[in-house]
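I have placed the structure first, in the form of structure tokens, so that the comments after it can refer back to it.
What follows is calculated from the coordinates using simple rules that are stated; it is not laboratory data. From a predicted model like this one, the values you see are computed outputs, not experimental measurements. Here the Cβ is made from the backbone with ideal geometry for all residues, glycine too, and neighbour counts use every protein chain on show.
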Amino acid sequence: MSPEPTPVLKTVVDQSSRVLKTYAVDPGLVPEHANGERRITQGGYGDRQLFELVQNAADEIAAEPGGSVHVVLTDTYLYCANEGTPVTPEGAETILRMSMSRKRGGQIGRFGVGVKSVLVVTDAPQFFSRTGSFGFDREWAYGKIRSVPEVTARLGEKFEAPVLRMARPLDEATERAADPVLDELLGWATTVVRLPLLDGAADRLGQDMHGGQSAGGREEFPVGFQLFSPHVAKVILEDRRPRPVVRRTLTVERDQELHTVREERTGRQSSAGKWRVFTLTHEPTDTARSSAGELHDRVALDISWAVREYEKDTTTGLLSSPKGRGRFWSFFPTKYEMTLSGILNGAWKTNEDRQNLLDSSPFNQEMIRVAARLVVESLPGLAPAEDPAAYLPLLPGRTRESETVSWADRYLTERIWEATAHRPSLPDQDGRLQVPRDLNVHPSLGKDNKSLVRWLTMWNSYPGRPTNWLHPSVEATDLRAGKVEHILKAAKRGRASVREWLEALVADGTAEASATAVRIVADMIQSSSPYVEEARTAKIVLTEDHGMVAPVVGKVFRRTDQDGLRESLVYVDAALSDDPSLASALAVLGIRDADVRGRFVSVLEQGFGSYGPQEWTRFWELFHQAGSNHLSHEVVRRVPAPPVDAVRAHRGRPFPTDA
């Protein structure tokens, strides 16, 4: 009983008939088409049947997000079932034509060249859909083509025939009755692809699904697939050959950029991986599109960068992401690694196996430039308030050719550093990323990273600090510091001197700012920093009458007595000198109490023009404390004619002029 004709089945029958007539006109197309299929299966596509089937299934879900994909492997069949859009007449025609794809937007499947890779594992792929079911068969196709007299006259009775150029309708009811697994899947799925397997194919497909000890160097189906196909709610990979059955269930939860991918696997505890995924939609230029090959008719393409969510290092308290090289993906991993962390996914122009990016393609170069912009524009979303520079280790390594892993990695790395120079890429004191030219950069204070971080953290601790300076977290590790150097070099941004850095801290003129700076310089002295000499020239010590001055030993003092006498000595502001917690730091800087003799000399230097009885009384008390016998000549020289108040205040003691 023939199935009721549908638009899909009509397309299958009409196109198959048309191909057969074409072979009668040009028999040479038969080996040409057969060779085309062999080229696909013997190339890199030979290992990608599972990937291609799942990707095609995922594309059919895109219009109705939330659907599932279920792959089942038995000893005799591989099934791939999906919800979503059923097979269309255009989709059927795509399969029946060589090297044709109806991909749109960011899709990579849609029954393009990749689906033809199934011929590595089967001679009779079958498609069951609500819009019609049809199947291919190598022996049947050979028989139909051999029945054309013009073909046998040209090629003889024995020749290799293409498989996927002609198909025939299948009776779904009959097939379901004979196959319980197919019947089970068609109970909920929109489309099921069934592959009757060649000998030995099941073992390799099992390795692709779930790895295992015999997998060797083969990669199992990657958990990260749904990072770039989040419209697929669930992927089930089920190998029903062993006992017990091996089953992997992959799901994804999305909260803006945060994607949580969960995996449940028989015999193992379920696991979850958190990723940040950033996506940019790009419309290729005419120049890029002209070199894009089968991608040329894409109006817009998505490029995505995915990185693992941070984890806190219990030792350092810093946030970090798993180390290791990243990789270029074309919805599945390619062979191209990169020194940028994470996964960079896009519809790159590759060789036919989608494993290697073509370096001569203006399309790829444009896409990589856009990817570099995406990476840098994503950095603010990777700079948490608790550790604003946590993103720095994610950035790529050096651009020297010997330290990159491919032309694509080298080109991407160069473009990323260029982009950091013109976009927000470094955190300010508040942890917000800024364009490097808008930031002041602290000095490079030697190789003692721990001391540097301590000083920068102290500087940052003052609430009134200027915010347009680089955040201290950028120096938390050598790796972070190295990435900063790349950005500064790209931005042609220099560093401030030690003096400029310290004086910027006290620009508001407050005692609190001065106290912070004093503590920093004291710590530098105690750490034997080679930058102490320059630090001592910075005007950071708040004084009573002279504003901010440099902490020069013997020039700045702590006041010990408020007697109201005018002096020439420079005294630290009372807010500093009266702070017990600052006494040690002031002492390290050499700022000590003024001795009595020095104070008396400084009083003499100020003159006595407005002294009254009380001032003269304090004057003489200080005179005797300082050692009157040694200072009498100074008093005589500076007070040749003592006023009456001065004499009275001396209370009958021998006046210095009598000594």
Quiz item: Nearest 0.05, what FRET efficiency do Glu418 and Asn351 give at R0 = 30 Å with Cβ-Cβ as r?
Solution: 0.60
Practice problem: May I ask for the Kirkwood hydrodynamic radius of the stretch 310-437, worked out over all distinct Cα pairs and given in angstroms to one decimal? | Solution: 15.4 Å
Quiz prompt | Asp430/Trp188 FRET efficiency (R0 51 Å; Cβ-Cβ; nearest 0.05) | solution = 0.45
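Length gain on complete extension for the stretch Glu157 to Asp438, per 0.36 nm per residue less the alpha carbon to alpha carbon distance?
Values: separation 281, 0.36 × 281 = 101.16 nm, distance 7.80 nm.
This chain segment gains 93.4 nm when fully extended.
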Quiz item: Hey, if you drop one equal point scatterer on each alpha-carbon of the stretch 7-265 and run the Debye formula without solvent, what base-10 log of I(q)/I(0) do you get at q = 0.09, 0.10, 0.16, 0.17 Å⁻¹?
Solution: -0.41, -0.50, -1.22, -1.35
Quiz prompt | Amide H contacts under 5 Å for Met338, placed H, 5+ residues apart | solution = Gly326, Arg327, Phe328
Quiz item: Between Arg265 and Ser290, how many nm apart are label points set 7 Å from Cα along the C-beta direction?
Solution: 4.9 nm
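Just subtract the alpha-carbon distance of Ser497 and Gln256 from 0.36 nm times their residue separation and send over the number in nm, one decimal. Kindly include the intermediate steps, with their values, before the conclusion.
Working: separation 241, 0.36 × 241 = 86.76 nm, distance 4.22 nm.
Between Ser497 and Gln256, full extension yields an extra 82.5 nm.
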Practice problem: Taking the Cβ of Ala272 as the centre, find all other residues whose Cβ is under 11 Å away and add up their charges (Lys, Arg: +1; Asp, Glu: -1). | Solution: -2
Practice problem: Obtain the nm distance between the two label points defined at Gln42 and Thr537 by a simple spin-label model: each point lies 7 Å from its Cα along the Cα-to-C-beta direction. | Solution: 7.5 nm
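Within the set Lys234/Lys274; Lys312/Lys489; Lys274/Lys312; Lys116/Lys158; Lys323/Lys483; Lys21/Lys144, which residue pairs have Cα atoms separated by over 18 Å? If you can, show how the numbers build up before the last one.
Values: Lys234/Lys274 16 Å; Lys312/Lys489 30 Å; Lys274/Lys312 14 Å; Lys116/Lys158 23 Å; Lys323/Lys483 15 Å; Lys21/Lys144 11 Å.
Among Lys234/Lys274; Lys312/Lys489; Lys274/Lys312; Lys116/Lys158; Lys323/Lys483; Lys21/Lys144, the Cα-Cα distance tops 18 Å for Lys312/Lys489; Lys116/Lys158.
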Quiz item: Zone of Arg592 (label point 7 Å along Cα→Cβ, backbone N under 11 Å): which residues in the stretch 529-554?
Solution: 554
Exercise. On a C-alpha basis, how far is the centre of the stretch 322-377 from the centre of the stretch 244-261 in Å? Whole number, if you could?
Key: 23 Å
Practice problem: Sort the following peptides by mean Cβ neighbour count (other Cβ atoms within 10 Å, averaged over residues), highest first: 464-476, 126-138, 577-589. | Solution: 126-138, 464-476, 577-589
Quiz item: Can you give the FRET efficiency for Arg243 and Ala178, using 1/(1 + (r/R0)^6), R0 = 22 Å, r = Cβ-Cβ distance, to the nearest 0.05?
Solution: 0.40
Exercise. Name the long-range amide H neighbours of Thr190: under 5 Å, sequence gap of 5 or more, or other chain; modelled H, no Pro or chain starts.
Key: Asn82, Glu83, Gly84
Exercise. Kindly write out, for the stretch 80-89 in residue order, the coupling ³J(HN,Hα) from the Karplus curve 6.51 cos²θ - 1.76 cosθ + 1.60 (θ = phi - 60°), rounded to whole Hz, with x marking Gly and Pro.
Key: 9, 10, 8, 8, x, 6, x, 4, 9, x
Quiz item: Between Asp478 and Glu220, what length comes free when the chain is fully extended (0.36 nm per residue of separation minus the Cα-Cα distance, one decimal in nm)?
Solution: 89.3 nm
Practice problem: Just order 249-259, 189-199, 267-277 by mean Cβ neighbour count inside 10 Å, highest at the front, would you? | Solution: 189-199, 249-259, 267-277
Quiz item: Which far-off residues, 5 or more places away or on another chain, put their amide H under 5 Å from the one on Asp593, with H placed in the peptide plane?
Solution: Arg558
Quiz item: Applying the Karplus parametrisation 6.51 cos²θ - 1.76 cosθ + 1.60 with θ = phi - 60° to the phi angles of the stretch 530-538, what ³J(HN,Hα) value in whole Hz is obtained for each residue in order, glycine and proline being reported as x?
Solution: x, 9, 4, 4, 5, 4, 5, 8, 6
Quiz item: Can you work out ³J(HN,Hα) from phi for every residue in the stretch 380-395, in order, using Karplus 6.51 cos²θ - 1.76 cosθ + 1.60 and θ = phi - 60°, giving whole Hz and x for Gly and Pro?
Solution: x, x, 10, 10, x, 4, 6, 7, x, 9, 4, 6, 4, x, 6, 5
